[in-house]
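Written out below as structure tokens is the structure these notes cover.
The values are calculated or read from the model by the stated rules, or taken from the named source; none is laboratory data. Remember, predicted model here, so these are calculated numbers, not experimental data. Counting neighbours? That spans all protein chains shown, and the Cβs are built from the backbone with ideal geometry, glycine included. Just so you know, the surface numbers come from the protein's heavy atoms only, side chains and all, with ligands and any DNA or RNA stripped out. Shrake-Rupley method; radii C 1.70, N 1.55, O 1.52, S 1.80 Å.
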Amino acid sequence: MPPSPPSPAPTHPELHRDAYIDGAWVAGSRRFPVHDPFDGAVIAEVTAADEAMVDAAVAAAARAFAAWRHQPAPARGRLLGQLAARMLADEDRLAALCVRENGKPTREAVGEVRYAASFLTWFAGEAERIYGETIPSAHPGQRITVIREPVGPCALITPWNFPYAMLTRKLGPALAAGCTVIAKPAVQTPLCALALAELAHQVGIPAGVFNVIATDEAARIGGRLLAAPQIRKISFTGSTGVGKKILRDAADDLKRVSLELGGNAPFIVLADADLDAAAAGAMIAKFRNTGQSCVAANRFIVEEPALAGFTARFIERISALTVGRGSDPGVDLGPLIDDAAVAKVRHLVADALDRGARLLHGAPPDGKTRLVAPVVLAGITPEMAIWREEIFGPVVAIRAAAGEADALAQANDTDAGLVAYVYTRDGSRRVRFAEALEAGMVGVDEGLVSTAQAPFGGVKHSGLGREGSRHGLDDYTSLKYIATRISG
Ligand code: NAD
């Protein structure tokens, strides 16, 4: 196999604002504004896809599928590897764009670009390992072979909180498997997806293989995309309510669906835990992306003997956090994504205080700005909304647990099941908790579980399917079993 060409030098092309369909930039008759979350300033006016553009993208993906699926898998992988290299070569520009439309601090945006590229690199490798199998038959003269085939053109629906990574986590396995895609990014963050399309074009991903359409009418335009009969698979990352609707709608056409939905992660600190390590892990689990992460620690459950020590250590670290514009040096927490996000956090804090929670640090957000400083609440009870819903902001809710059984019962008392964190030094407790927690992922003395090498995904109402790892390919391939008679 020829070696991959060296990474190209970074370029600084202008912002792309139009749809990317069949290898070309397509302007529409209507545009919608993309705002800087910090001050609401309009960054760009982006083409709003209409029905004809959806249909054109679907037709392009269906046409391109015929050839792309038959490209040798290593060739598809090489293109993914080149796209990853291109992202890394351009990481400063990509990160700056992410800071502008998402608001996250520059350091985190650079981290996201690298994390996003890591999915492309991983699936570039996995493309070469889409193995089939042979199975001994029970019948004389028969051979059983199994091959993996791409499912077909896919619709990829992504949220705003990790606008590159949530897309590459789908794009990587889809393209590696031989599927073609139409990506529909969130209304708040279409520019990152369009920037990725531009890089895909530069590295020579063929026309129609990767299309991007943006819209401010998710239900109508997104709905048309998802309903198109040529679309054979839907991969959705976003809120649980929308995910359930997509699954119901997909039933009519029996499309494959994978869903990465909301979480309500417990962060358990047991009495024997290393409290400094727990506080350090809690900072990552809670405050990454200003708390706007599906794997954010939502419910802190602390065994009573550790309560004072953990809370004091955690608040000491929280006190050092700086809130501000994501592009300013030294900022740890950027603005929340929009006014609705601020209103939700305000409601959750007010509801908890009304119902008797104690304010240990910070002040309830006043709603005058999208910058929300950290708040720590204790004395949380299960009927408070903050315990039941995703906070999606820098608010810590702490509840005491009377012992191991109580901590576990509290942790599992939720419909969500994405991730759970537990801190303990006891080897047996580690195993007991890891096995008993109802979650797709468990961090044991670990506050960050996301990585391209591991299967990311939830149980219960947090979703279906896994992204990343070798299992990430499963959702984009179908098994075909071939029975061959070789003798009478
Ligand atoms: P959202 O559900 O509002 O939107 C997600 C995407 O779905 C967007 O692109 C949106 O335009 C689109 N959409 C909305 N309604 C649609 C419809 N009727 N038909 C088709 N598309 C539609 O979620 P959000 O606010 O953008 O993201 C935050 C949510 O995402 C949180 O709940 C978070 O936990 C979840 N999330 C989950 C993961 C995970 O991997 N499990 C990762 C990141 C975010």
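Starting from segment 59-75, keep only residues that are within 15 Å of Phe123 (Cβ to Cβ), then list their pairs with residues that are part of a helix (DSSP H, G or I) and open to solvent by 40 Å² or more (accessible area, probe 1.4 Å) whose Cβ atoms are within a distance under 8 Å, requiring at least 6 positions of separation or different chains.
Ala73/Glu128; Pro74/Glu128
Inside segment 408-458, can you point out the residues that are within 16 Å of the ligand (Cβ to nearest atom), exposed (fewer than 15 other Cβ atoms within 10 Å of the Cβ) and closer than 22 Å to Ile391 by Cβ?
Selection gives Asp415, Leu448.
Given the criterion open to solvent by 50 Å² or more (accessible area, probe 1.4 Å) and under 16 Å from the mean Cα position of the chain (by Cα), identify the matching residue among Ser235, Ser239.
None of the others qualify; the one that does is Ser239.
If I ask for residues that are surrounded by 13 or more Cβ atoms within 10 Å (Cβ to Cβ) and modelled with pLDDT under 90, which ones from segment 5-39 would you list?
Ser7, Pro8, Pro10, Leu15
Give Leu88, Leu80 a once-over and let me know the one that is in a helix (DSSP H, G or I), touching a Phe, Trp or Tyr at 6+ places or on another chain (Cβ under 8 Å) and modelled with pLDDT of 95 or more.
Answer to the selection: Leu80.
Which of the following residues is surrounded by 20 or more Cβ atoms within 10 Å (Cβ to Cβ), in a loop (DSSP other than H, G, I, E, B) and hydrophobic (A, V, I, L, M, F, W, C): Phe162, Phe119, Phe65, Phe123?
Going through Phe162, Phe119, Phe65, Phe123 in turn, just one is surrounded by 20 or more Cβ atoms within 10 Å (Cβ to Cβ), in a loop (DSSP other than H, G, I, E, B) and hydrophobic (A, V, I, L, M, F, W, C): Phe162.
Quick check on this structure: which one of Pro140, Pro105 is away from the ligand (no atom under 16 Å from the Cβ) and either over 18 Å from the mean Cα position of the chain (by Cα) or without any contact (Cβ under 8 Å) to a residue 40 or more places away in the chain (or both)?
Result: Pro140 is the single residue among Pro140, Pro105 that is away from the ligand (no atom under 16 Å from the Cβ) and either over 18 Å from the mean Cα position of the chain (by Cα) or without any contact (Cβ under 8 Å) to a residue 40 or more places away in the chain (or both).
Restricting attention to segment 161-183, and to residues there that are within 14 Å of the chain's Cα centre (by Cα) and farther than 25 Å from Arg129 by Cβ, which single residue is farthest from the ligand (Cβ to nearest atom)?
Only one residue tops the list, namely Pro163.
Somewhere in segment 208-215, is a residue open to solvent by 50 Å² or more (accessible area, probe 1.4 Å), under 26 Å from Leu247 (Cβ atoms) and away from the ligand (no atom under 12 Å from the Cβ)?
No, because not a single residue in segment 208-215 is open to solvent by 50 Å² or more (accessible area, probe 1.4 Å), under 26 Å from Leu247 (Cβ atoms) and away from the ligand (no atom under 12 Å from the Cβ).
Mind checking which residues of segment 229-279 are out of contact with any strand residue (DSSP E or B) (no Cβ under 8 Å at 6 or more places or on another chain) and either part of a loop (DSSP other than H, G, I, E, B) or more than 12 Å from the ligand (Cβ to nearest atom) (or both)?
Within segment 229-279, Pro229, Gln230, Ser239, Ala251, Asp252, Asp253, Leu254, Gly262, Asp272, Asp276, Ala279 meet the criteria.
What pairs come out if I take residues in segment 207-230 that are farther than 20 Å from Ala174 by Cβ and pair them with residues that are near the ligand (Cβ under 10 Å from one of its atoms) and open to solvent by 10 Å² or more (accessible area, probe 1.4 Å) whose C-beta lies under 6 Å away, six or more apart or interchain?
Close Cβ pairs satisfying both conditions: Asp216/Val187.
Report whether or not Val42 is at pLDDT 95 or above and surrounded by 13 or more Cβ atoms within 10 Å (Cβ to Cβ).
no
Tell me, which residue of segment 459-481 that is buried (at least 17 other Cβ atoms within 10 Å of the Cβ) and hydrophobic (A, V, I, L, M, F, W, C) is farthest from Thr237 (Cα to Cα)?
The residue in question is Leu473.
(1) on the phi < 0 side of the Ramachandran plot; (2) surrounded by fewer than 24 Cβ atoms within 10 Å (Cβ to Cβ); (3) in contact with a helix residue (DSSP H, G or I) (Cβ under 8 Å, 6 or more places away or on another chain): which one isn't true of Gly152, the others all being true?
The single condition Gly152 does not satisfy is (1).
Report, ordered by the first and then the second residue, all pairs with beta carbons closer than 6 Å, sequence separation of six or more or different chains, a first member in segment 271-286 that is buried (at least 17 other Cβ atoms within 10 Å of the Cβ), and a second member that is acidic (Asp, Glu).
So the pair list comes out as Ala271/Glu303.
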